[in-house]
1. Please work out the average accessible area per residue across the chain, using the 1.4 Å probe convention, and give it in Å².
2. In square angstrom, rounded to the nearest 10, how much accessible surface does SER225 have for a 1.4 Å probe?
3. Would you calculate a helix-derived [θ] at 222 nm for the chain, using -39,500 (n - 2.57) for each DSSP H run of n ≥ 4 and dividing by the full residue count, to the nearest 500?
4. Step by step: find N for the range 68-119, compute 2.2 N^0.38 Å, then divide the Cα radius of gyration by it. What's the final number?
5. Give the long-range amide H neighbours of GLU221: residues separated by 5 or more places, or on another chain, with amide H under 5 Å away, using H modelled in the peptide plane at 1.01 Å from N.
6. Calculated from the structure, volume of the Cα convex hull per residue in Å³ equals which of (i) 144; (ii) 124; (iii) 185?
7. Going by amide H atoms built from the backbone, whose H comes under 5 Å of the H on SER211, apart from near neighbours?
8. Got a number for carbon plus sulfur as a percent of the chain's accessible area, 1.4 Å probe?
Amino acid sequence: MGSGVYAYAAGFPTGLVVSDQGRLYRYGSLSALQGLGAGPPGGFSVAGTTLYVKFADGSSPATHAMHVARHEDGFYLGGISHVRIENLEIRHYGSGDYGKGVYLRYASSVVVRRCRIHEVEAAGVWIKGGDLNLIEDNEIWDTSIFGWPWGLSKGSSAENTAVVFTDSVGQGNVIRRNTIRGTFNGIGPCGSAAPTGGLTNETDIYENVLSEHTDDGMEPEGYCSNVRIWRNTIRDAHMVFAVAPAAPGPTYLVRNVGYRFGNTRTSQQDGYMASALKINSGYSTPVGPVYLYHNTFSTDAPTPMPWPCSTPATVRSSGRGTTSWRGPGTLSTK
């Protein structure tokens with residue numbers, strides 16, 4: 001087609017294309033694809049069932065291993081319980097707009113353990129409702145997103161999360177000992193409504209290792225009540241924690257380590273302020289109570305702020321304990 005754009009009659013629509021150079025950015029039109037605003041490794045657009053691809057280096061797709069998603073989800077578990085998904089590689093899902101590696105839709109007592117879940121459109125594991133689910137010892141990652149502009153990734157199919165809870169999250173879910181890297185956000189453990197028949201979530205998130213997140217490493221936002229987050233390690237994220245807002249609370253952030261936050265394109269090139277804790281929201285919903293105890297935050301990235309509240313937010317109550325800060329800026333609380 002010229003301008004380095006190649007066309008392929010896939011025969012099915014898709015929302016995700018991954019090459020041996022990494023995930024390709026999804027453009028909304030052929031003209032946007034030709035401009036390749038997101039940069040390397042390249043991008044794609046779809047018209048009906050015809051796929052258009054362009055690589056930043058001008059190479060032909062015929063010279064690459066190409067993976068084109070034709071299914072939306074790897075596993076869909078709806079309204080069932082006591083299922084174990086273990087020791088599997090789950091990759092390259094997302095034929096529409098919300099591709100998921102594992103989708104637990106009002107499923108309970110499900111275990112996702114020791115899986116390698118990568119380059120999935122919207123979420124590695126998506127939990128909508130359900131109780132007592134366990135997500136442990138998995139490796140979840142994506143490619144390319146960490147190098148794309150925040151303004152193009154935000155609101156696009158690249159705004160994904162490794163493990164995310166939505167809607168009326170149930171009770172007693174656990175996310176532990178996972179290694180997560182390269183997704184737009186790391187873990188989003190709060191839904192948007194109270195559990196059915198209850199008030200508190202009783203969600204535990206601990207001993208996870210997260211890195212290279214364009215936006216938030218840990219994003220307890222929405223309906224968070226008795227959400228306990230401890231002994232996680234988060235590095236190279238724009239925000240370590242975002243509670244903007246987290247309500248009605250309490251949300252506990254205890255003995256976590258966040259370092260090199262602000263060491264991201266978002267912070268250093270795209271002009272957005274990084275921090276260890278984001279509590280600004282612009283929403284009328286109050287933040288908190290949030291209890292922040294015995295955490296360590298350290299960075300060598302230029303000009304982050306450790307505790308910003310850049311737009312008005314109402315905080316019901318909070319605790320800080322012996323949380324320490326090392327790096328530019330000052331640590332404060334209100």
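The values are calculated or read from the model by the stated rules, or taken from the named source; none is laboratory data. The shown structure was predicted, so the numbers you read here are calculated from the model rather than taken from an experiment. Virtual Cβ from ideal backbone geometry, glycine too; neighbours counted across all protein chains shown. Side chains are part of the model used for accessible areas, which takes the heavy atoms of the whole protein and leaves out ligands, DNA and RNA. Shrake-Rupley method; radii C 1.70, N 1.55, O 1.52, S 1.80 Å.
1. Details: 13280 Å² over 334 residues.
That works out to 40 Å² for each residue.
2. 10 Å²
3. Values: 3 runs with 14 residues, N = 334.
Computed mean residue ellipticity for the chain: -500 deg cm²/dmol.
4. Details: Rg = 11.1 Å, N = 52, 2.2 N^0.38 = 9.9 Å.
The reported ratio for this selection is 1.12.
5. Close amide H contacts, sequence-distant or interchain: CYS190.
6. Read-out taken from this structure: (ii).
7. ILE180, ARG181, GLY182, ARG235
8. Working: 6610 of 13280 Å².
Carbon and sulfur atoms account for 50 percent of the accessible area of the chain.
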